[in-house]
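Below is one structure, written out as structure tokens, with a few remarks after it.
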Amino acid sequence: MKNNLLFVISHQPNPRFIKQINYFAQNGFNVSVIYFYRDYLADLNSSIDKNVNIYLLDKIENGKYLQRVLIYLKSIFKIKKLLKEIEPNKVIITNIDILFLLILNNIKKYTDDIIMEISDLRGYTFNNNCTDKIQKSIDSIVLDRYISKMIFTSPEFYNFYYKNKFNGSCFILENKPLSTIMPPKVKKVKNKKLVVGIVGLLLDKNPHKALFDYVKDKNDIEVHIYGKGTHQNQVEDYAKKYKNIKYFGAYNFFTDIAKIYASLDMIYMSYDTEQGDYNIKLALPNKLYEAIYFKVPIITTKDTYLAKRVLDSKIGYTIKCCDLNDIESAINSFKLDKDNFPSLFENIDEKLYVADSDYVELVKFIKG
């Protein structure tokens, strides 16, 4: 039986998808990827297995929703041609928008095995006005008719919304690293000053600003920022103005991540819970597992699922969003506790932060 697996995703492959793409390509699948390009995400296509077929549809600019619709419509004919070429018998998609593009191209001509992977929730899932109710009803119909299986990066996404919408098979695939693709650990840097890191997409304007405002006049603390995103300009402005706030730009996860974490004393994963976005409260970011893997204590926001995981494992501190006093308290507590963290990290079961056994089960799940 052929195993032509197609990923159709709404952005260029990020580390989470590259892990999956490469794993399937190296475990008996003929893998193809169709994607849209987002300029605020790093281009990591050079890290994709050379046997994977990669197809760029178009570029989407952040926030321009009407333009996005037009680009989606324009892409319909490109997708039609690619489906004929690829002949997928299994498809992994990222959202309902992508599903509609496939429905318009008669995807069931090729396969009934369409798997949707959920790494965040849309705004309408949290609200209950008339438009939101209509969108939720559409979800119920479309999921029942077209989706065979679902994958969730956090169990709370399923518990909060999809358990009442989808009765099919589900798989929890937290965004843990695979040991086979992690670069070798490097020797920990002994910093003269305490170094707090921000790593990844620069999307959380207010939490980042709070940290910058707290440390900007401190002589014994530095903030090192790695990544790019919609609030990159704010980071660059602070870095130009203050010597102890340093911006290093975009990075390649597959070549740089070990050196980055080796240079940090703590990692700042505070998200903006003031904006009413439930994703923040339910998500489990890849940085959680990276921090455990490289044994770097965490600062994150209270009243989130991530905070619960951090506190349960005793690997960091929680703060009220954007509260400078809480930031100070967390940093001062770390100064007192830092010698305890190595043993706390050692006590964590590797299966909780490394995905090797998860991916063995994932292949079985996809094959069905």
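Being surrounded by fewer than 18 Cβ atoms within 10 Å (Cβ to Cβ) and within 30 Å of Q20 (Cβ to Cβ): is that true of L311 here? So L311 passes the test.
Can K216 be described as surrounded by fewer than 16 Cβ atoms within 10 Å (Cβ to Cβ), under 21 Å from D265 (Cα atoms) and either touching a residue at least 24 places away in the same chain (Cβ under 8 Å) or under 18 Å from the mean Cα position of the chain (by Cα) (or both)? Answer is yes for this residue. In the stretch 96-114, the residues that are of a type in the set (D, E, K, R) form Cβ pairs under 6 Å with partners that are surrounded by 14 or more Cβ atoms within 10 Å (Cβ to Cβ), at six or more places apart or across chains, as follows: D113/K90; D113/S148.
Restricting the stretch 57-70 to residues that are modelled with pLDDT under 80 and over 21 Å from I103 (Cα atoms) leaves a set whose member that is nearest to the chain's Cα centre (by Cα) is N62.
Taking the criterion of being in the same structural domain as T230 (by TED's automatic domain parsing), within 19 Å of V215 (Cα to Cα) and at pLDDT 95 or above, would at least one residue in the stretch 257-264 satisfy it? For the stretch 257-264, residues in the same structural domain as T230 (by TED's automatic domain parsing), within 19 Å of V215 (Cα to Cα) and at pLDDT 95 or above: present.
For the stretch 228-248, a residue qualifies if it is assigned to a loop (DSSP other than H, G, I, E, B) and at pLDDT 95 or above, and the qualifying residues are Y242, K243, N244, F248. Scan the stretch 20-34 for residues that are buried (at least 23 other Cβ atoms within 10 Å of the Cβ) and modelled with pLDDT under 95 and the total you get is 0.
Given the condition out of contact with any helix residue (DSSP H, G or I) (no Cβ under 9 Å at 6 or more places or on another chain), outside the structural domain of Y261 (by TED's automatic domain parsing), outside any loop (DSSP other than H, G, I, E, B) and farther than 20 Å from A42 by Cα, answer yes or no: does some residue in the stretch 166-175 qualify? Within the stretch 166-175, none of the residues are out of contact with any helix residue (DSSP H, G or I) (no Cβ under 9 Å at 6 or more places or on another chain), outside the structural domain of Y261 (by TED's automatic domain parsing), outside any loop (DSSP other than H, G, I, E, B) and farther than 20 Å from A42 by Cα.
Inspection of the stretch 241-248 identifies no residue that is of a type in the set (A, V, I, L, M, F, W, C), buried (at least 19 other Cβ atoms within 10 Å of the Cβ) and touching a Ser or Thr at 6+ places or on another chain (Cβ under 9 Å).
Matching residues to (1) buried (at least 19 other Cβ atoms within 10 Å of the Cβ); (2) at pLDDT below 95; (3) out of contact with any Leu (no Cβ under 9 Å at 6 or more places or on another chain):
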| site | (1), (2), (3) |
| --- | --- |
| Y72 | yes, yes, no |
| I92 | yes, no, no |
| F100 | no, yes, yes |
| N106 | no, yes, no |
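Within the group Q26, Q12, which residue is out of contact with any Phe, Trp or Tyr (no Cβ under 8 Å at 6 or more places or on another chain) and closer than 24 Å to Y110 by Cβ? Can you show your working first?
Numbers: Q12 fails: out of contact with any Phe, Trp or Tyr (no Cβ under 8 Å at 6 or more places or on another chain).
When all the criteria are applied, what remains is Q26.
Note on the stretch 248-291: residues that are out of contact with any strand residue (DSSP E or B) (no Cβ under 6 Å at 6 or more places or on another chain) and not charged (D, E, K, R) total 23. Beta carbons closer than 6 Å, at least 6 apart along the sequence or on distinct chains, pair a first residue in the stretch 192-208 that is more than 23 Å from R38 (Cα to Cα) with a second that is polar (S, T, N, Q) and crowded, with 22+ Cβ neighbours inside 10 Å for P207/S270. Annotation: of all residues in the stretch 224-270 being aromatic (F, W, Y) and within 22 Å of the chain's Cα centre (by Cα), the one that is farthest from I331 (Cα to Cα) is F254. Which ones in the stretch 109-140 are loosely packed, with under 14 Cβ neighbours inside 10 Å and part of a helix (DSSP H, G or I)? Residues satisfying the conditions are K109, G123, C130, T131, K133, I134, S137, I138, S140.
The values are calculated or read from the model by the stated rules, or taken from the named source; none is laboratory data. The shown structure was predicted, so the numbers you read here are calculated from the model rather than taken from an experiment. Backbone-built Cβ (ideal geometry, glycine too); neighbour counts: all protein chains shown.
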